[in-house]
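Below is one structure, written out as structure tokens; comments come after it.
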Amino acid sequence: MALASLALLLLLAGYAVLCAIWPFARCRKCSGTGIRQARRTVELCRRCHGRRYRLRIGRRLLNTGRDIHRAGTRHPHRHDSGGEFTPWP
């Protein structure tokens, strides 16, 4: 049981490092080409909009967590009282 938990922890840590180093992966819909052929026409991929890459799910989670943390903390340089900064009003 402990070995399985350690393996899962190492797998998740490896994926977090992968998301931090390479946040983008090839689009799964168009296989990274940016276009899809529909009958006789060539169109941009609807999923990646022709950019050929997508943001990884783990990176989306990291960005969302960072945004939530940033929204919940106080910013001393944004305080508009005009006077000295106090941590609590």
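Report those strands (runs of 3 or more DSSP E) wholly inside segment 13-67 carrying at least 2 residues which are among the aliphatic types (A, V, I, L, M).
So the answer is 35-38, 41-44.
Checking the structure you have, find out if any residue of segment 31-43 is touching a residue at least 12 places away in the same chain (Cβ under 8 Å) and not β-branched (Val, Ile, Thr). Checked segment 31-43: at least one residue is touching a residue at least 12 places away in the same chain (Cβ under 8 Å) and not β-branched (Val, Ile, Thr).
Counting just the residues of segment 46-89 that are closer than 27 Å to residue 24 by Cβ and of a type in the set (Gly, Ala, Ser), which one comes out modelled with the lowest pLDDT? Checking each candidate, the answer is 50. When you scan segment 19-35, do you find a residue that is at pLDDT below 85 and aliphatic (A, V, I, L, M), even just one? So far as segment 19-35 goes, yes, one or more of its residues are at pLDDT below 85 and aliphatic (A, V, I, L, M).
The values are calculated or read from the model by the stated rules, or taken from the named source; none is laboratory data. Remember, predicted model here, so these are calculated numbers, not experimental data. Cβ coordinates were reconstructed from backbone atoms using ideal geometry, including for glycine residues, and neighbour counts include every protein chain displayed.
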